[in-house]
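The values are calculated or read from the model by the stated rules, or taken from the named source; none is laboratory data. Since this is a predicted model, take the numbers as computed values, not measurements. Counting neighbours? That spans all protein chains shown, and the Cβs are built from the backbone with ideal geometry, glycine included. Ligands, DNA and RNA are stripped out before the accessible areas are found, and what is left, the full protein with its side chains, is counted by its heavy atoms. Shrake-Rupley method; radii C 1.70, N 1.55, O 1.52, S 1.80 Å.
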Amino acid sequence: MKSQRQSFLRLVNVSSVEDALRNSLVASFQRNPTYKSNVQHSDREKLRGALRKKLLSMQSLYSYPVSDELHIRNIVEISDSLTTEFGYVLEGGRFRIGTAQKALNLFAKFLWCLNDNWPTPPHCPLDRRILQLASIYGSWTKLDCIKVYKKWINRLRNHAHIMNFASIAEWELNAWNKLANDSLHRTA
């Protein structure tokens with residue numbers, strides 16, 4: 001698994017926590033209609049800064065094994081607190097669960113990959129390709145229901161088990177690397 005983690009970091013060009021934060025934020029907002037139309041750049045930057053601060057504040061938690069319950073509470077806390085603070089600039093007035101999970105799950109994945117002694121994250125970043133590999137045809141960018149998120153995680157966990165992986169994080173890392181490498185070979 002160590003070689004898979006190193007391969008992932010090389011593929012995304014991440015070698016530090018600062019790189020991990022930057023990549024997590026970009027991936028969370030990219031192709032994701034987060035803001036209302038005509039939102040000032042300064043408001044977008046304030047929201048991104050607040051999310052960055054939240055992720056950093058949770059960093060040390062993930063140096064220890066984190067239960068599903070705590071991880072889910074962290075996702076909900078990110079979603080609810082950013083909704084309260086920035087609802088006026090957000091599409092639908094909400095910082096959706098899908099966006100919160102993407103940011104936290106990807107950041108936790110990076111921390112695990114960057115630190116040999118860190119435990120495997122409890123979940124994995126959900127995106128269209130990963131969901132489809134487990135025959136889940138929902139949109140992570142529209143997801144704003146923690147019950148649906150839990151259902152997807154359980155389906156992914158079952159899929160990872162069937163594929164003989166110890167965790168969904170390990171399965172997703174392997175699947176993501178394979179998809180990325182296949183994509184590189186098609187464009188070469």
On the accessible surface of the chain, probed at 1.4 Å with all protein chains in place, carbon and sulfur together account for a percent value of 50 percent
Expressed in square angstrom to the nearest 10, the accessible area of GLU91 with a 1.4 Å probe stands at 90 Å²
Hydrodynamic calc, the stretch 78-188: Kirkwood Rh from Cα pairs, then Stokes-Einstein at 37 °C with viscosity 0.692 mPa s, so D in µm² s⁻¹ is 218 µm²/s
Relative to the chain, whose Cα atoms define the longest principal axis, helix 168-187 and its Cα axis are tilted in degrees, nearest 10, by 90 degrees
At the level of C-alpha centres, the distance separating the stretch 17-43 and the stretch 63-95, in angstrom, is 15 Å
Surrounding charge for GLY49, neighbours by C-beta under 12 angstrom, Lys/Arg +1, Asp/Glu -1, total +3
Relative contact order in percent for the stretch 11-121 (Cα pairs under 8 Å, 6+ apart) equals 39 percent
Contact order relative to length for the stretch 67-112, counting C-alpha pairs under 8 Å separated by 6 or more residues, stands in percent at 34 percent
Computed ³J(HN,Hα) along the stretch 58-65: with the Karplus parameters 6.51/-1.76/1.60, θ = phi - 60°, integer Hz and x for glycine or proline, the list is 8, 3, 5, 4, 7, 7, 10, x
Per residue, accessible area of the chain with a 1.4 Å probe, heavy atoms of protein chains only, in Å², comes to 51 Å²
For the chain, averaging the sequence separation of alpha carbon pairs under 8 Å that lie six or more residues apart and dividing by its residue count, the contact order in percent is 25 percent
Listed by chain and number, the residues whose amide H is under 5 Å from that of LEU90, excluding neighbours fewer than 5 places away on the same chain and using placed H, are LYS36
Note to self, the chain gives a 222 nm [θ] from helices alone (DSSP H runs n ≥ 4, -39500 (n - 2.57) apiece, / all residues, nearest 500) of -21500 deg cm²/dmol
Relative to the chain, whose Cα atoms define the longest principal axis, helix 68-86 and its Cα axis are tilted in degrees, nearest 10, by 30 degrees
